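Following: one structure in structure tokens, then a few remarks.
The values are calculated or read from the model by the stated rules, or taken from the named source; none is laboratory data. For clarity, every value in this text was computed on a predicted model and none was experimentally measured. In this analysis, Cβ positions are derived from the backbone assuming ideal geometry, glycine residues included, and neighbour counts consider all displayed protein chains.
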Amino acid sequence: MGHLATKATYKKLRERLDLLPVGAPGQSTIYEILKITHTPEEAELCCQMPLKFSTLGALSRKLGIPRDSLRPKLETMADKGLILDMLIGGKMRYMITPTIIGFIEFSMMRIRDDVDQKHLANLYHRYLLEEPDFANQFKPGTKTSLFRTLVHETTLPENYTEVLDWERATHIVESAVARAVSLCHCRHVTHHRGEDCKKIRMEVCLSLNIGADYLSRHGLARLISKEEALDLLVETREAGLVHLGDNVQNRPGFICNCCGCCCEVMGAMKNFGMFENTFSSNFEARVDNQACTGCKKCQKACPANAIDIIDKPRTKKGKKYKFLAKVDPKVCLGCGVCIPECKFDSMAMVPRAQRRITPRSTFTRVLTMALEQGKLHQMLIDADSGVMAHTANAMLGAILDLPPAKQLLARDELRSRFIEFLISGAKKAGIEEV
């Protein structure tokens, strides 16, 4: 009976996590992962955790556990990356940690001996890059990603004014109130799979602001100075890495420094088309056909496989050339990694014809992603809070699923207004944006 109860607990936990904008789909590998990352007792507590931040007092009342007994449980789970505890509005608030960005990364952002990290690495590779379940949760037409590419500023013309402050990695680091660095989850996974990254060391994952505070408090990252963080940007840029930042304008929580050989985000995009290239910057690489020699260096450098080399025999200044580089704008991330590899000045970064929409805050991004994934009703009304909440949750979900509602909310302007209306209501109810 205990075995059956444990199995039911992990099933409930997976279903609970799957209500979040980035869920936990699947019927096999995800259970193997959860059994390693969560003890049965931790899984049971996570099943009862809210999908949005709650105070200790509210949790104590909901769970029926005295505050003095509940706090150490939450702190222990936060140390393992299973619970988020963040100071919001002057109070410590708690919620269940999602899969990504969440306990999947946190479990590999330091060296641990309490779990089998080598086994976990193989499970993560299978779940994220081999099986389609995780990637398939992102429906075709999804416009909002967790990530956004930050163009290498050195690849833009001097004094270029069309890049905004929140699009500059250097400005994001300089304006942060806290900065920390940790092991890169993706490189740690490939290390345990015997495929160590040849581009750079593992400790290059930057967390910022509230993210840096959370990770450093729980030993998942070490606090660093602004100067060290800026030096890290230079080091990773020169190594040909992509700056993948938090997809928000205000107070972003991280900048990952990613390579095409290890990064699970780019790997999933290439394998399954996950997010397509909705996390590209507002720039794209463009080839000057007259200057290109077809040397293939840009193609080798591109981490997204966005550059093809095509047959294009031609003669230029008396020399014959056979190949020409061609960039696919639907795949290009706008990172700028290819630019310094071209020694003939035939590659340049140019603005995209249509700018990407970047959510103002984490709150905005979460609500927008939930709306796009058909999970907004889960975020607004927790069905586990009683019969009335369950009924309201079902009714709101049915309304949002109606064809007229879908058609209206598919329009960017109306979707943005709807999200702003929800945020305005949350502020009036005393809920602060993160």
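A few comments on the model shown:
- Failed item in (1) assigned to a helix (DSSP H, G or I); (2) modelled with pLDDT under 95, with residue 87 passing the rest: (1)
- Options 50, 40, 25: the member that is more than 23 Å from the chain's Cα centre (by Cα), in contact (Cβ under 8 Å) with a residue 12 or more places away in the chain and either in the same structural domain as residue 205 (by TED's automatic domain parsing) or surrounded by fewer than 22 Cβ atoms within 10 Å (Cβ to Cβ) (or both): 40
- All conditions in (1) basic (Lys, Arg); (2) under 26 Å from residue 193 (Cα atoms); (3) in contact (Cβ under 8 Å) with a residue 40 or more places away in the chain hold for residue 16, with the sole exception of (2).
Every residue, every condition in (1) under 30 Å from residue 19 (Cα atoms); (2) without any contact (Cβ under 8 Å) to a residue 40 or more places away in the chain; (3) surrounded by fewer than 22 Cβ atoms within 10 Å (Cβ to Cβ), yes or no:
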residue: 105; (1), (2), (3): yes, no, no
residue: 119; (1), (2), (3): yes, no, yes
residue: 132; (1), (2), (3): yes, no, yes
residue: 150; (1), (2), (3): yes, no, no
residue: 154; (1), (2), (3): no, no, yes
residue: 158; (1), (2), (3): no, yes, yes
residue: 172; (1), (2), (3): no, no, no
residue: 197; (1), (2), (3): no, no, yes
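- Helices (runs of 4 or more DSSP H) enclosed by the range 124-240 - at least 3 residues per element that are among the aliphatic types (A, V, I, L, M) and within 27 Å of residue 92 (Cα to Cα): 209-217
- Against the numbered list (1) farther than 25 Å from residue 145 by Cβ; (2) within 28 Å of the chain's Cα centre (by Cα); (3) crowded, with 19+ Cβ neighbours inside 10 Å, residue 342 comes up short only at (2).
- Of the residues in the range 302-320, at least one is surrounded by fewer than 17 Cβ atoms within 10 Å (Cβ to Cβ) and in contact (Cβ under 8 Å) with a residue 40 or more places away in the chain.
- Positions within the range 238-247 being crowded, with 22+ Cβ neighbours inside 10 Å and in contact with a helix residue (DSSP H, G or I) (Cβ under 7 Å, 6 or more places away or on another chain), in sequence order: 243, 244, 245, 247
- Residue within the range 57-68 that is modelled with pLDDT under 95 and in contact with a strand residue (DSSP E or B) (Cβ under 8 Å, 6 or more places away or on another chain) present: yes
- Within the range 63-106, the only residue that satisfies the criterion of being of a type in the set (Ser, Thr, Tyr) and either outside the structural domain of residue 35 (by TED's automatic domain parsing) or over 30 Å from residue 137 (Cβ atoms) (or both) is 69.
- Residue 260 fulfils the conditions (1) in the same structural domain as residue 181 (by TED's automatic domain parsing); (2) buried (at least 23 other Cβ atoms within 10 Å of the Cβ); (3) not aromatic (Phe, Trp, Tyr) except for a single criterion, (2).
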